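The structure under discussion appears below in the form of C-alpha cells.
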Amino acid sequence: MRTVQRLRPRATQAVVFAGLWAAAAVVVLPVVGILALMFIRGGRALSWELLSSAEEGLLPAIVGTMCLVALTALIAAPLGIAAAVYLSEYARSGPLVRLIRLAIVNLAGVPSVVYGLFGLGLFVMLLAFGRCLLAGACTLALLVLPLVITASEEALRQVPGRLREASFGLGATRWQTVRRVVLPNALPGMMTGLILSVGRAAGETAPILFTAAFISLTKPFPSSALDPIEALPFKLYYMATEAHGVSEEVKWATAAALVMLVLAMNLAAVVIRARLRGARRW
Amino acid sequence: MGSPDVGAELILRPEGEIKLETSGVNLFYDGFQALREVSVAVPARRITALIGPSGCGKSSFLRCLNRMNDLIDGARVVGDVLLDGNSIYDRATDVAELRKRVGMVFQAPNPFPMSIYDNVAYGPRLHGTRGREKLDEIVESSLRGAALWDEVKDGLRKSALDLSGGQQQRLSIARVLAVEPEVLLMDEPCSALDPTATFRIEELMLELMERYTIVIVTHNMYQASRVSQYTGFFLLGELIEYGVTTQIFENPKDRRTDDYVRGRFG
C-alpha cells in the first residue's frame, strides 16, 4: 500500500501532463488545420490580382470590411471606454452597478443574428439609415460593446491603486486623476482589447446581412457612410450559397483572405501589447 | 472642548498655535469601528508622531485628516476635524482644495510612470500653473526642498521609475512640496527604505519642520523619538496617550504606553 502511494504522484503527474498537453494540442490543431486547408485548396487562386481587382476580385469586399471595422471601432471605443471608466472609477458598488454588469454579460451572450435583426429594426428602418455602412457599423458596435467594456475595465484594473491615491493626495479631482494618470496608463490595454474585439466583428456575417452588406454590380466602393458596402464574410456567404460559376478555388481564397485580415489584426494587437508592456513597469 | 472622559488628563493640549484639531473622531468601515473618539490637537510647525502596533488605527486616523478615507467604499467618519479652526468635513469643503493644503506622503514610494520633472510638475499643473519658467522654478525648489536636486538635476527628463527606492520617496515628498501644502501627512514613509535612505528622510523632515506642520505615522519607535516633538500612542482604535515625545518615551503615564515603548508588546 505504502509503495503504491509513493509511486502514485509521479504516475499522476505523467497522466495529467499528457492530458494538458493533449488539450493544448487540440486548441492548436484546428487553427493550423483550417489555415492549411484554405491555402491548399485556395492557394493557387489567391493572387495579387484577385485581391486587388475591383471588378473580378475581392478589393471591394476588403475595402468594405476595413471601412466597417474602422467605423465600428470609432463608435464602440468612446462608448465602451466611457462605460468602463464609469463602472470602474466612478460607480460605487450597488444594485445599479450590478444591473449594468448583468446587462453587459447578457449582451455578450446574445446571438449575432439577433443583433442583425435588431440593427435592421433600429438603424435601417426606425432611424431610416437604410442598408448602409453606418447601420452595419452601429450594429457591429453594439455586438462588440460588451467585449470592449470588459477589456477596458480589465485595463483600468491593471493601473495600480497607489497611483490614484498619489494623484488624489495632491489635490486632484476624480476626473483629473482619470484623465491624467489612469487613462494614459490604461490606454495600451484598452487599444489591445478594442482591436481584438473589432477583429471578431470583422468576421461576422449575420449582423451585416440585413444592415449593410450587398453584392455590387455597378458600384463597388461606397462614397459615403450611407452607402451599402461589400464585405468579405458576406461575399463568402454569398459565393457559398447563391452565386453560380464561382470556382471552388476562389471561394477558398476568399476565406483565406478573410482569415488573414482577422489574423493580421490580432497580430497587431499582440505587437502593440508587447511594445507597451516593455515600456511600462511599476 | 470635547467630552470629559477617564483618560482626559493623558491627552496633552500643546501650547502655541494649533494647526489641526480633531474632536471625537470615530471611523467606521462598514460594520467595523476602526477609531473611537479620537480628540487631539496638532501644533503648527512641529513634528507629531503617531505610534502603536499594527492595526491600531494610526494610519486610518492619518487618512481622516485629509479625507483620504472618502475614497474607500463603506468608510464613514463621525466627529469633526478642524484645520485652522474650520471643519474639513463641512458640506462646503472642497476636498481637492483640502488635499492641496494637507498633502500626503505614502508608505511605499508611488511615482507616476512619467519623467521626474512631470512628477513634480503634476500638482502645480493640476492647480493651473502654466508656463515653462514658472514650472521650472517650482520643480527646482521642490526637488531642493526634498534634498533630491543634486542627484537628479542632470536627468530631469528621465523616468522616475529608474530612481532608487529612497530617491523615489524623496521625489514623492518633492511632488507634495510642489503644491505648497501647509500640512504634511506621512504614512510610514520609511518602511520600504534602507537605513541610509531613512536617515536622509529624517534629516529632511527636521528641515521641513520650519515651514510645515508634519504628522508622521511610524511603527519605528526610534524614529518617533528621533524626529518628533509630540507623540501619540494608539491602541485598538483609541488614542491612549498624547504628549511631549520625551515624556511619552521616558515617563509615560499610562501602563499600556509604558509596555509598548519598552517593547513589551507590538
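The values are calculated or read from the model by the stated rules, or taken from the named source; none is laboratory data. Because the structure is predicted, anything quoted here is derived from the model rather than measured. Here the Cβ positions follow ideal geometry from the backbone for every residue, glycine too, while neighbour counts run over all protein chains shown.
What about A:ILE195, is it buried (at least 17 other Cβ atoms within 10 Å of the Cβ), under 20 Å from A:ALA84 (Cα atoms) and either in contact with a helix residue (DSSP H, G or I) (Cβ under 9 Å, 6 or more places away or on another chain) or more than 14 Å from chain B (Cβ to nearest Cβ) (or both)? Judged against the criteria, A:ILE195 is a match.
For segment A:144-179, name all the residues that are within 7 Å of chain B (Cβ to nearest Cβ) and either among the charged types (D, E, K, R) or not in a helix (DSSP H, G or I) (or both).
A:ARG162, A:GLU165, A:LEU170, A:GLY171, A:ALA172, A:THR173
Among residues that are out of contact with any Gly (no Cβ under 8 Å at 6 or more places or on another chain), within 14 Å of another protein chain (Cβ to nearest Cβ) and touching a residue at least 24 places away in the same chain (Cβ under 8 Å), B:GLY74 is included. Only one entry of A:ILE104, A:ILE100 meets the criterion of being touching a Leu at 6+ places or on another chain (Cβ under 7 Å) and surrounded by 14 or more Cβ atoms within 10 Å (Cβ to Cβ), and that entry is A:ILE100.
Within segment B:39-62, the residues that satisfy the criterion of being β-branched (Val, Ile, Thr) and touching a helix residue (DSSP H, G or I) at 6+ places or on another chain (Cβ under 6 Å) are B:ILE47, B:ILE51.
Look at (1) more than 14 Å from chain A (Cβ to nearest Cβ); (2) modelled with pLDDT of 95 or more and you find that B:LEU83 fails only one, number (1). Determine if segment A:121-134 includes at least one residue that is without any contact (Cβ under 8 Å) to a residue 40 or more places away in the chain, assigned to a helix (DSSP H, G or I), of a type outside the set (Ser, Thr, Tyr) and within 14 Å of chain B (Cβ to nearest Cβ). No.
Applying the condition of being in contact (Cβ under 8 Å) with a residue 12 or more places away in the chain and surrounded by fewer than 24 Cβ atoms within 10 Å (Cβ to Cβ) to segment B:161-170 and asking which residue is nearest to the other protein chains (Cβ to nearest Cβ) yields B:LEU161.
Determine whether segment A:54-62 contains at least one residue that is surrounded by fewer than 17 Cβ atoms within 10 Å (Cβ to Cβ) and without any contact (Cβ under 8 Å) to a residue 40 or more places away in the chain. Steps first, please.
First, the residues of segment A:54-62 that are surrounded by fewer than 17 Cβ atoms within 10 Å (Cβ to Cβ): A:54-56.
Of the ones still in play, those that are also without any contact (Cβ under 8 Å) to a residue 40 or more places away in the chain are A:56.
Within segment A:54-62 (the criterion being surrounded by fewer than 17 Cβ atoms within 10 Å (Cβ to Cβ) and without any contact (Cβ under 8 Å) to a residue 40 or more places away in the chain), the answer is yes, since at least one residue qualifies.
The residue that is farthest from the other protein chains (Cβ to nearest Cβ), counting only those in segment A:180-192 that are touching a Ser or Thr at 6+ places or on another chain (Cβ under 9 Å) and closer than 25 Å to A:THR72 by Cα, is A:MET190.
Which residue out of A:ARG98, A:ARG92 is out of contact with any helix residue (DSSP H, G or I) (no Cβ under 9 Å at 6 or more places or on another chain) and either part of a helix (DSSP H, G or I) or aliphatic (A, V, I, L, M) (or both)? Full working, then the answer.
Working: A:ARG92 fails: either part of a helix (DSSP H, G or I) or aliphatic (A, V, I, L, M) (or both).
Selected residue: A:ARG98, the only one of A:ARG98, A:ARG92 that is out of contact with any helix residue (DSSP H, G or I) (no Cβ under 9 Å at 6 or more places or on another chain) and either part of a helix (DSSP H, G or I) or aliphatic (A, V, I, L, M) (or both).
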